[in-house]
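Written out below as structure tokens is the structure these notes cover.
The values are calculated or read from the model by the stated rules, or taken from the named source; none is laboratory data. No experiment lies behind these values; they were computed from the predicted model shown. Here the Cβ is made from the backbone with ideal geometry for all residues, glycine too, and neighbour counts use every protein chain on show.
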Amino acid sequence: MGTPTTTPPAGTPGAFCPVCLAPGPHRELLTHTDPFGGGVYLLRSCAACGADFSDPMKNPGPEWYAAAAPAWTPSVPSPIPSWRLRELSRLRAAKPGAASLLEVGCSDGAFLLAARAAGFTVSGVDFDAAATARARAAGLEAVTTASFETFAAGAPGKFDVIVFFQTLEHLSAPRAFLAQVASLLNPGGLVFFDIPDAGRPLPSGSGLIDLPPHHLTRWRAVTVRKFLEAGGFEPLALGSAVDRLLLRDAAGSALAAALGRFKRALTRPAAAAAAGPAAPPPPSAVPSAAFRVFDFCYRRLAAPLLAPVFFFWALLLKARGRGFYLCCRAVLRRPAA
């Protein structure tokens with residue numbers, strides 16, 4: 001049996017959806033200029049699978065992430081999301097005994113430490129050298145600093161479980177990535193991942209985070225299901241997660257974005273009259289000191305007072321099946337050739 005095609009055919013950029021390979025034309029949603037690299041990107045929508053995707057589909061690389069990361073790095077680190085910890089228990093129940101787990105994009109290894117405590121033999125890979133150094137310093141010796149493509153080409157063996165969190169939306173070739181994941185799984189192996197839900201509440205709070213080249217694709221539940229089935233996987237659980245911490249962060253980001261627009265509306269005319277068009281600030285100037293103060297005050301002062309609001313809002317969204325991150329567990333049914 002032949003393997004499915006994993007990359008779009010060569011030709012006009014944007015002519016094929018990178019998620020399902022459906023041919024165009026694909027509707028244009030918006031045009032975005034990257035403030036860090038200066039590139040211009042179209043965001044297109046695929047009617048066949050529901051994905052939104054960037055044109056061009058090109059990951060900007062680790063240097064771009066190092067320059068742009070301060071724009072969305074919170075002043076207070078967030079804990080492991082509750083749904084990942086719940087799913088970890090399910091994964092362990094499904095794979096008892098001696099079972100191996102690989103995390104793609106493991107960062108400093110927080111989830112790997114939890115997985116090891118649950119009884120998995122853990123490995124990780126990430127291209128961020130500083131993050132992987134912290135992971136190894138925490139006692140995670142089987143953490144590799146490399147791209148996943150490089151790791152997959154020389155992997156020491158196969159795994160029972162592979163997890164990847166907030167990863168697919170960054171990839172320029174998601175189908176090729178899934179094929180590599182399948183090639184590293186033992187028969188009946190499981191994957192678990194989460195990805196931003198394109199239908200989430202408070203989308204205005206996402207800002208640059210949800211635009212190319214940071215996020216190259218946007219996903220819906222139907223998109224995830226079709227993507228997995230085309231790659232030889234059967235979804236076992238697929239839903240949208242929400243909790244009060246996510247609502248807290250989204251509300252804070254939306255408020256910061258609104259305040260930023262208000263500030264620019266007040267200051268732009270005066271600045272333009274005095275000095276002409278202003279050049280965009282260099283990436284190192286983002287975020288500003290004012291934003292850092294806002295972020296700290298919001299998290300430390302305002303958010304605790306609003307905790308009951310976020311709690312009941314989360315309950316309402318759960319009742320309606322709405323959330324911020326699509327979470328999926330799937331099993332490999334068709335081994336990679």
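If the condition is being within 14 Å of the chain's Cα centre (by Cα) and either surrounded by fewer than 19 Cβ atoms within 10 Å (Cβ to Cβ) or more than 25 Å from residue 68 (Cβ to Cβ) (or both), then segment 214-239 contributes 220, 224. Reported count of residues in segment 61-73, each being exposed (fewer than 14 other Cβ atoms within 10 Å of the Cβ) and either part of a loop (DSSP other than H, G, I, E, B) or modelled with pLDDT of 80 or more (or both), is 3.
Reported count of residues in segment 170-199, each being in contact with a helix residue (DSSP H, G or I) (Cβ under 8 Å, 6 or more places away or on another chain), in a helix (DSSP H, G or I) and closer than 26 Å to residue 41 by Cα, is 4. If you filter segment 119-173 down to residues that are of a type in the set (S, T, N, Q) and within 22 Å of residue 83 (Cα to Cα), you find that the one that is surrounded by the most Cβ atoms within 10 Å (Cβ to Cβ) is 123. Taken over segment 97-125, the criterion of being under 16 Å from the mean Cα position of the chain (by Cα) and within 21 Å of residue 189 (Cα to Cα) is satisfied by 103, 104, 105, 106, 111, 125. Selection of segment 303-325 for residues being assigned to a helix (DSSP H, G or I) and either without any contact (Cβ under 8 Å) to a residue 12 or more places away in the chain or of a type in the set (Ser, Thr, Tyr) (or both) yields 304, 305, 308, 309, 312, 315, 316, 319. For segment 116-134, taking the residues that are among the small types (Gly, Ala, Ser) and at pLDDT 95 or above, the one that is farthest from residue 98 (Cα to Cα) is identified as 133. Flag: residue 62 matches the condition of being within 18 Å of the chain's Cα centre (by Cα) and not small (Gly, Ala, Ser). Look at residue 109 and say whether it is on the phi > 0 side of the Ramachandran plot, of a type outside the set (Phe, Trp, Tyr) and in contact (Cβ under 8 Å) with a residue 60 or more places away in the chain. The answer is no for residue 109. Hey, can you tell me all the residues within segment 175-229 that are among the acidic types (Asp, Glu), under 30 Å from residue 92 (Cβ atoms) and modelled with pLDDT under 95? Matches in segment 175-229: 197 only.
Is there a residue in segment 26-46 that is touching a residue at least 40 places away in the same chain (Cβ under 8 Å), in the same structural domain as residue 178 (by TED's automatic domain parsing) and not small (Gly, Ala, Ser)? No - not one qualifying residue is present in segment 26-46. In segment 232-272, the residue that is farthest from residue 295 (Cα to Cα) out of those that are of a type outside the set (A, V, I, L, M, F, W, C) and at pLDDT 95 or above is 232.
For segment 91-114, a residue qualifies if it is among the hydroxyl-bearing types (Ser, Thr, Tyr) and within 16 Å of residue 130 (Cβ to Cβ), and exactly one does: 107. Take the conditions within 26 Å of residue 292 (Cβ to Cβ), among the basic types (Lys, Arg) and not in a loop (DSSP other than H, G, I, E, B) and apply them to residue 90. Does it pass? No.
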